[in-house]
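Reading through the structure tokens given below for one structure.
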Amino acid sequence: MRRGNLLALGIAAALAVSACGGGDDSGDGGSARPSDDGDAGVEGLATIHTVADLEPMVQGLVDAYNETSDAPVEVAAEDPAQAIEAVTQGSPGILPAPFLGGVDVESTAIGRTLAIIVVPAGNPSQVSGLDAFAEDSGLDTAVCGPESPYGNLAAGLLSRADVELAPGQVGSGCEADAVARVERGELAAALVFRHLVQLPPDVEVVDIPEDQNLVLDLEYLPVSAAPSSGSFEEFLASDTAAQVLSGFGFLP
């Protein structure tokens, strides 16, 4: 386990998952509470709080969980301030750790993502590392990274590598377009985070050594000492959840 405030840019950024009961918080890792008479009644759907960039992945986890659960949950994609407020009040939620600098809540990593370099099939420009994105490289490239309280994470990664970027080279939300241009041969390379884009077959990935990369841990919080049987929190440790995360580009 770890605290939600342990990240800084360039170390390991964390992501968190939060769920709360409709009306009052259930506090049991995402399960709806039984009714007072002991029957498995549902007072309302529990809610997994997240942000827009993570909504498709979180929805995938929720859909897989709901297929076999009699205590269904739902997803709320909110602005960061609302999601942070939910987890600080004890509601379980999924959030990028750079947003959690002031959150003192127990969390645990369920996956991770990192930056990759995408090149056309065959790597005609022989791109081998981050120096391909330097302004004086002579290559047409794109840099697409998620925004955080620390700025654009892809740009931050290149700054740590002492790579000077060309003006206008950095963007956010441009991953799909950049990868499509790489596939068409219009760009020699694109720097993206692997969870934000689906890679077509006619591109290749040049891995960035992990000691040079920016790794973003996906975190669940708050963590129960002993997750209840059948809860969403327990589900997150399952092979099914791992398959969903992998399908969205997250590593173990």
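The values are calculated or read from the model by the stated rules, or taken from the named source; none is laboratory data. Being a predicted model, the structure only gives us computed values, none of them experimental. All Cβ positions, even for glycine, are placed from backbone atoms using ideal geometry, and neighbour counts span all protein chains on display.
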Select the strands (runs of 3 or more DSSP E) contained entirely in region 59-123, then report the ones holding at least 1 residues which are among the small types (Gly, Ala, Ser), buried (at least 21 other Cβ atoms within 10 Å of the Cβ) and outside the structural domain of residue 183 (by TED's automatic domain parsing).
93-96, 106-120
Scan region 205-218 residue by residue and report those that are surrounded by 16 or more Cβ atoms within 10 Å (Cβ to Cβ) and acidic (Asp, Glu).
217
All but one of (1) part of a loop (DSSP other than H, G, I, E, B); (2) surrounded by 15 or more Cβ atoms within 10 Å (Cβ to Cβ); (3) at negative phi; (4) not assigned by TED's automatic domain parsing to the domain that holds residue 47 hold for residue 135; which doesn't?
(2)
Exactly one of 165, 221, 199, 251 is buried (at least 21 other Cβ atoms within 10 Å of the Cβ) and not β-branched (Val, Ile, Thr), and that one is 221
